[in-house]
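As structure tokens, the structure follows; a few thoughts come after it.
The values are calculated or read from the model by the stated rules, or taken from the named source; none is laboratory data. Please read all numbers here as calculations on a predicted model, not as lab measurements. Here Cβ is always computed from backbone atoms with ideal geometry, including for glycine, and neighbour counts include all displayed protein chains. In case anyone asks, the SASA skips ligands and DNA or RNA and just uses the protein heavy atoms, side chains included. Shrake-Rupley method; radii C 1.70, N 1.55, O 1.52, S 1.80 Å.
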Amino acid sequence: MRQNTFRFRSLILAALLLAFLVWFLVLLYDDQIVNGINIDESSAANTITTEETVEAARGIITDRNGQVLVSNETIYNVALDVGAMGDYSAQASIVRRLLELCQELGLEVNDGGLPLTWDGEGWQFTSESPFVTEDEDGNTSDTRFAQLCQEMDWPTDASAPEKTAQAMLSTFGLEDENDLDVLDVLYACYLREKEILWTTWYLAEDVDIAFIATVKEEGLSGVEIKSTTQRVYQTAYAAHLLGQVGLISAEDWDEGENYQAQGYSMDATVGISGVEYAFESYLRGTSGTVQRVTSLDGNLLSESYVEEPEAGNTVALTLDIGLQEAVEQALEQYTEEINEGEGGSAAVVIDVSDGSVLAAASWPTYDISQYRTLYSELAADELNPLFNRAFLGTYAPGSTYKMVTATAGLNTGVITADSTITCTGYMDYYGTTFRCWYYRQYGMTHGLETVTEALRDSCNIFFYTVGSQVGIDTLTEYAQSYGLGVSTGIELSESTGVNAGPEYSDRVGTVWYQGNTLSAAIGQSDNQFTPLQICNYIATLVNGGNRYSAHLLKSVTTAKDGEVIAEYEPEVLSTVELADDDRAAILEGMAEVVESTSTVKEAFANLTEQGIQVGAKTGSAQVSGQENANGLFVCFAPYDDPEIAVCVAVEKGGSGAATSVIAAAIMEYYFSVEPPEAAAETGSDPAQ
């Protein structure tokens with residue numbers, strides 16, 4: 001009986017347990033499945049997920065041999081998110097502590113731009129019109145300061161800076177002028193917080209690990225350390241060519257360059273001058289997107305790329321940086337000796353086979369890595385070191401133009417390679433007397449001269465005669481065929497210069513006289529050309545008559561795998577037809593300049609000893625109001641198989657012959673330095 005009772009009770013207990021289990025499972029199902037929250041939703045409820053654009057690194061720039069000229073380095077900047085700092089008072093406290101840390105660690109803080117200051121006695125606005133700005137057309141609009149004051153309900157009375165200052169201090173719980181630095185930072189932050197400005201502002205840039213660690217230890221909310229890249233210059237040379245990068249200007253965002261339409265972010269860094277600007281489309285990378293998940297208290301939980309940024313392409317230039325260094329050093333060494341520091345100078349070296357610019361320098365120059373730091377000092381220098389004389393400076397070519405006149409005379413039949421003209425020392429033309437420099441200086445004449453001899457002696461009478469017979473229109477035609485007074489095609493900014501003639505005289509409101517043709521025929525009158533144009537003209541003359549587009553781009557390769565995506569193809573812009581014998585007569589005259597002019601012969605003695613024959617032409621051009629003429633010198637080598645053409649211009653250099661020492665130094669470097677390919681085979685160092 002007892003056994004049956006025990007069994008009955010066991011069954012009852014088992015049934016109750018089973019019922020309880022079923023009931024529990026039903027509740028669990030209802031809670032987890034019917035009314036449950038999934039893991040993703042649970043995580044989202046306790047975290048904050050944000051996405052941020054990550055700017056790609058710009059492509060690097062190299063010379064023709066692969067030597068890196070401009071690259072990037074990663075730096076860390078301090079950004080502030082006031083929205084994550086709490087209320088106004090908390091924001092002020094965090095900023096104050098952050099500024100204390102910066103001071104303790106010797107870190108420079110960026111100016112926030114607050115247009116309020118304390119002069120020791122009271123508050124003052126930093127401008128006469130802090131709340132209203134006026135454009136060139138007289139239209140007025142609210143300043144950014146005014147817009148922020150309206151958003152924050154601060155007074156905008158230009159006559160009462162005290163009221164505005166006190167209202168701002170009160171908003172953030174600040175006390176007095178001693179908190180001006182805190183107010184300045186908060187002002188910069190709130191311009192962005194209220195979307196009055198979109199550009200990124202950093203409290204400090206390029207901070208070190210010690211500062212980053214200290215900030216992390218302090219646990220300051222809303223203080224973010226952001227990595228970015230900045231340009232690093234691996235060379236002290238080619239400052240006028242490499243150029244600068246900078247933030248997009250307001251004018252270029254939706255107008256001008258219209259970067260907005262090209263998909264740039266508003267605070268992107270772009271090329272603003274030189275190679276950086278010219279090849280922006282190649283150097284620009286593709287931005288990526290990073291997703292960050294943080295806890296409600298601001299701790300970073302995870303970070304991953306939604307789309308990885310892609311670095312910009314590698315741009316290889318035609319420059320030989322070793323040659324560029326030699327050119328700049330030659331200009332620095334000799335310019336002041338030649339003109340006693342009265343002016344600048346420039347030099348250009350071109351590969352005659354395709355128009356590649358191997359070097360282009362302007363003196364004085366500057367350290368490109370110090371451009372922003374030294375800008376005010378550089379801008380105030382009377383010799384204007386920021387000016388690219390090689391591409392933008394224009395100079396009367398003087399006697400270096402005489403090969404143009406010779407070409408015009410030979411091609412039109414006015415002269416032949418063997419015909420002669422008698423130098424009488426002077427000639428009268430339309431009531432004006434024109435003299436040969438030889439007669440004016442020594443009272444002597446050159447006598448009978450062929451075109452070769454006239455180039456050697458730089459006889460003015462010969463070229464006056466030829467110029468008067470071919471006429472100014474024909475001279476201009478050949479000058480432009482050689483690339484003088486027209487664009488060279490270079491990718492950077494350049495001046496196109498001026499060809500003397502009736503058209504230009506009409507344009508500037510002066511009268512063109514027949515006698516001006518004679519002056520133009522010897523490179524005077526209104527003729528004005530750049531050293532780049534003159535150098536390319538010589539390259540055209542000696543390579544057989546093909547005027548190639550001058551260029552700095554060699555090739556473009558991808559950063560990821562080095563795939564060539566662009567390679568410059570030589571482009572012939574014009575052709576100067578000239579019979580072989582006629583061309584030989586001109587070039588022979590240039591060879592005889594080196595052999596017969598004592599100053600030039602001495603300058604090129606080392607090259608002559610090495611068996612390298614050079615052809616050259618001197619030029620000097622008096623500038624109105626200047627006591628000393630500008631000195632120009634052009635040359636090419638080797639004479640029998642030309643490789644390079646060189647043009648040197650020295651302001652107030654006196655004679656062209658005096659500048660030959662610069663050209664000789666350039667030539668000596670070019671023909672003595674072992675090419676990198678050969679150096680790799682022999683194991684020698686190409687830099688030695």
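The table that follows gives values for the structure above.
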{"item": "Conditions (1) out of contact with any Pro (no Cβ under 9 Å at 6 or more places or on another chain); (2) open to solvent by less than 10 Å² (accessible area, probe 1.4 Å); (3) among the β-branched types (Val, Ile, Thr): number failed by THR510", "result": "(2)"}
{"item": "Number of the exception - TRP363 against (1) crowded, with 24+ Cβ neighbours inside 10 Å; (2) touching a residue at least 60 places away in the same chain (Cβ under 8 Å)", "result": "(2)"}
{"item": "Residue that is nearest to ASP179 (Cα to Cα), among those in segment 109-128 that are open to solvent by 60 Å² or more (accessible area, probe 1.4 Å) and over 34 Å from the mean Cα position of the chain (by Cα)", "result": "TRP118"}
{"item": "Selection from segment 371-384 of residues that are part of a helix (DSSP H, G or I) and either open to solvent by less than 70 Å² (accessible area, probe 1.4 Å) or over 21 Å from THR235 (Cα atoms) (or both)", "result": "TYR371, LEU374, SER376, GLU377, LEU378, ALA379, ALA380"}
{"item": "Test: residue in segment 628-636 that is open to solvent by 70 Å² or more (accessible area, probe 1.4 Å) and at pLDDT 95 or above", "result": "no"}
{"item": "Neighbours by Cβ (under 7 Å, 6+ apart or cross-chain): first from segment 329-356, among the hydroxyl-bearing types (Ser, Thr, Tyr); second assigned to a loop (DSSP other than H, G, I, E, B) and modelled with pLDDT of 95 or more", "result": "SER345/GLU651; SER353/ASN543; SER356/THR318"}
{"item": "Condition broken by TYR537, with the remaining ones in (1) more than 25 Å from the chain's Cα centre (by Cα); (2) over 23 Å from GLU651 (Cβ atoms); (3) in contact (Cβ under 8 Å) with a residue 60 or more places away in the chain satisfied", "result": "(2)"}
{"item": "Top-ranked residue of segment 341-356 - restricted to ones that are out of contact with any helix residue (DSSP H, G or I) (no Cβ under 7 Å at 6 or more places or on another chain) and under 18 Å from PHE633 (Cβ atoms), ranked as most open to solvent (accessible area, probe 1.4 Å)", "result": "GLU342"}
{"item": "Where LEU518 falls short, out of the listed (1) among the hydrophobic types (A, V, I, L, M, F, W, C); (2) open to solvent by less than 20 Å² (accessible area, probe 1.4 Å); (3) in contact with an Asp or Glu (Cβ under 7 Å, 6 or more places away or on another chain)", "result": "(3)"}
{"item": "Candidates SER419, SER399 - the one that is buried (at least 24 other Cβ atoms within 10 Å of the Cβ) and either in contact with a Gly (Cβ under 6 Å, 6 or more places away or on another chain) or farther than 19 Å from ALA500 by Cβ (or both)", "result": "SER399"}
{"item": "GLU503 being under 29 Å from the mean Cα position of the chain (by Cα), acidic (Asp, Glu) and open to solvent by 10 Å² or more (accessible area, probe 1.4 Å)", "result": "no"}
{"item": "Flag for SER127 being part of a loop (DSSP other than H, G, I, E, B), farther than 30 Å from VAL275 by Cβ, out of contact with any helix residue (DSSP H, G or I) (no Cβ under 7 Å at 6 or more places or on another chain) and modelled with pLDDT of 90 or more", "result": "yes"}
{"item": "Filter result for the condition that a residue is modelled with pLDDT under 95 and β-branched (Val, Ile, Thr), over THR557, THR597", "result": "THR597"}
{"item": "Given (1) more than 30 Å from VAL275 (Cβ to Cβ); (2) touching a residue at least 12 places away in the same chain (Cβ under 8 Å), number of the condition VAL511 does not satisfy", "result": "(2)"}
{"item": "Helices (runs of 4 or more DSSP H) fully within segment 130-194 counting 2 or more residues that are touching a residue at least 60 places away in the same chain (Cβ under 8 Å), of a type in the set (A, V, I, L, M, F, W, C) and surrounded by 16 or more Cβ atoms within 10 Å (Cβ to Cβ)", "result": "180-193"}
{"item": "Single unsatisfied condition, VAL414 versus (1) closer than 23 Å to ALA616 by Cβ; (2) open to solvent by 10 Å² or more (accessible area, probe 1.4 Å)", "result": "(1)"}
{"item": "Every residue from segment 67-83 that is among the small types (Gly, Ala, Ser) and open to solvent by 50 Å² or more (accessible area, probe 1.4 Å)", "result": "GLY83"}
{"item": "Any hit, segment 279-293, residues being under 15 Å from ASN313 (Cβ atoms) and either in contact with a His (Cβ under 6 Å, 6 or more places away or on another chain) or without any contact (Cβ under 8 Å) to a residue 60 or more places away in the chain (or both)", "result": "yes"}
{"item": "Only one of SER655, SER660 that is open to solvent by 10 Å² or more (accessible area, probe 1.4 Å), out of contact with any Lys or Arg (no Cβ under 8 Å at 6 or more places or on another chain) and not in a strand (DSSP E or B)", "result": "SER655"}
{"item": "Output for segment 575-618, where each listed residue is within 34 Å of the chain's Cα centre (by Cα) and closer than 23 Å to THR412 by Cβ", "result": "THR575, VAL576, LYS617"}
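Okay, residues lined up against (1) at pLDDT below 95; (2) under 20 Å from ASP63 (Cα atoms); (3) among the aliphatic types (A, V, I, L, M):
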position	(1), (2), (3)
GLN528	no, no, no
LEU532	no, yes, yes
TYR537	no, no, no
ASN546	no, no, no
SER549	no, yes, no
GLU571	no, no, no
ALA585	no, no, yes
